[in-house]
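**Student:** One structure coming up, written as C-alpha cells, with questions to follow.
The values are calculated or read from the model by the stated rules, or taken from the named source; none is laboratory data. Note that the structure is predicted; figures quoted are calculated from it, not measured. Virtual Cβ from ideal backbone geometry, glycine too; neighbours counted across all protein chains shown.
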Amino acid sequence: MKKAIILLSGGLDSATVCAIAKSQGYELYGLSFFYGQRHEIEINCAKKIAKFFNFKEHKIAQIDLKIFGNSALTDDIAVPKSNQPFIASNSIDSKSTPITYVPARNTIFLSYALAYGEVIKAFDIFIGINSIDYSGYVDCRKEFVDAFTNLANLATDATVKNNARFEIHAPLADMDKKTIITTGLNLKVDYSLTHSCYDPEIIGTNIYSCGQCDSCRIRLNGFKMANQEDKILYKNL
C-alpha cells in the first residue's frame, strides 16, 4: 500500500485531506506540531482525527516558534476579532498579511515532513492549504507548493541518489470552504472532531471557539454556504 504523510493540524482542512488521501488508497502517517501556538488544543483534535481515520502512525513534533514571535498565534499579541462576515481575499501584499500569519510555518512543517518521508520511504506528502478562502497567507499558494516540491527533489538523499521523487499534494488548493466541507461530508468526515479557532476558551470540560477570529468566521461561512450545521461549540454567536 502507498504511504502518505499528512500534515495534521486538527483542523477542518487537514481532516478533509485525510479523507481524500484515504479514499485514494493511501496508508496514512500523520505529522502534527506543538510549535508554541496559543490554540494548542488543536493537537488533541489531531489525535482524535488520527484515530478516526486509523492512521498507521502519528508523530507529534515539538518545536518553538515563540522564540521568533511576531504572530498573534505565537506572541503576546491579541487575535483580531470581528462580528462581520468574513470576505475572502486573494490579495498578496505586505500590507494585507494578517497578524495571525506565522513566519515560514508551512516551510518548516514541510521540511519536517521531508525528513519523516525519507525515513519511512513515504514520498507523498499531503497539506491542507487553500488559496481561495484563506486569510492572505503567502505560504498557502500553489506557487509555494510547486517551489517546495522542486526543493524537495533537490535536497534529499532519497531523490538525488535513489531516484525517488517527492510529491506535495494540496488537494484543497482550488476549493472554497463550502466545497471543502461538502467534499469531506461526502467522504464521511466527522467535523465535530476538528478545531479551527485561533483563540479558544475552555469552560469546564468544554472547548468553546470564539466565533469572531478569521478562522472561525471562514469556517462558519463555509458551513452556512454548504447549508450544513457546524456541531462544535461557539462562545460568541
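**Student:** Checking the structure you have, find out if any residue of region 149-172 is under 23 Å from Cys216 (Cβ atoms), surrounded by 13 or more Cβ atoms within 10 Å (Cβ to Cβ) and β-branched (Val, Ile, Thr).
**Tutor:** no
**Student:** OK, next. Could you tell me whether region 41-61 includes any residue that is within 14 Å of His195 (Cβ to Cβ) and exposed (fewer than 15 other Cβ atoms within 10 Å of the Cβ)?
**Tutor:** yes
**Student:** Can you pull out every residue in region 160-186 that is polar (S, T, N, Q) and either modelled with pLDDT of 95 or more or over 21 Å from Ala113 (Cβ atoms) (or both)?
**Tutor:** Scanning region 160-186 gives Thr179, Thr182, Thr183, Asn186.
**Student:** Answer yes or no: is there a residue in region 212-221 that is buried (at least 21 other Cβ atoms within 10 Å of the Cβ) and in a loop (DSSP other than H, G, I, E, B).
**Tutor:** Scanning region 212-221, I find at least one residue that is buried (at least 21 other Cβ atoms within 10 Å of the Cβ) and in a loop (DSSP other than H, G, I, E, B), so the answer is yes.
**Student:** Which one is farthest from Ile20 (Cα to Cα) among residues in region 116-140 that are surrounded by fewer than 18 Cβ atoms within 10 Å (Cβ to Cβ) and at pLDDT below 95?
**Tutor:** Ranking the candidates gives Val138 first.
**Student:** Those residues that are over 14 Å from the mean Cα position of the chain (by Cα) and touching a residue at least 40 places away in the same chain (Cβ under 8 Å), I need them from region 23-40; list them, please.
**Tutor:** Hits for region 23-40 are Ser23, Tyr26, Tyr29, Arg38.
**Student:** Are any of the residues in region 191-203 part of a strand (DSSP E or B) and under 15 Å from the mean Cα position of the chain (by Cα)?
**Tutor:** The answer is no; no qualifying residue exists.
**Student:** Moving on. Can you name every residue in region 34-54 that is closer than 19 Å to Leu172 by Cβ and not in a helix (DSSP H, G or I)?
**Tutor:** Phe53 - this is the single residue of region 34-54 that is closer than 19 Å to Leu172 by Cβ and not in a helix (DSSP H, G or I).
**Student:** Determine whether region 142-165 contains at least one residue that is acidic (Asp, Glu) and in contact (Cβ under 8 Å) with a residue 60 or more places away in the chain.
**Tutor:** no
**Student:** Hey, another quick one. Could you look through region 9-31, keep only residues that are among the polar types (S, T, N, Q) and under 16 Å from Tyr112 (Cβ atoms), and pick out the one that is surrounded by the most Cβ atoms within 10 Å (Cβ to Cβ)?
**Tutor:** Our first condition is that a residue be among the polar types (S, T, N, Q); within region 9-31, this holds for 9, 14, 16, 23-24.
Still in the list and also under 16 Å from Tyr112 (Cβ atoms): 9, 14.
Numbers: Ser9: 26, Ser14: 24.
The extreme case among them is Ser9.
**Student:** Shifting gears a bit: Does Ala72 satisfy the criteria of being farther than 17 Å from His169 by Cβ and either surrounded by fewer than 16 Cβ atoms within 10 Å (Cβ to Cβ) or of a type in the set (D, E, K, R) (or both)?
**Tutor:** The answer is no for Ala72.
**Student:** Another question, then. Within region 18-36, which residues are within 20 Å of Ile108 (Cα to Cα) and out of contact with any helix residue (DSSP H, G or I) (no Cβ under 9 Å at 6 or more places or on another chain)?
**Tutor:** Gly36
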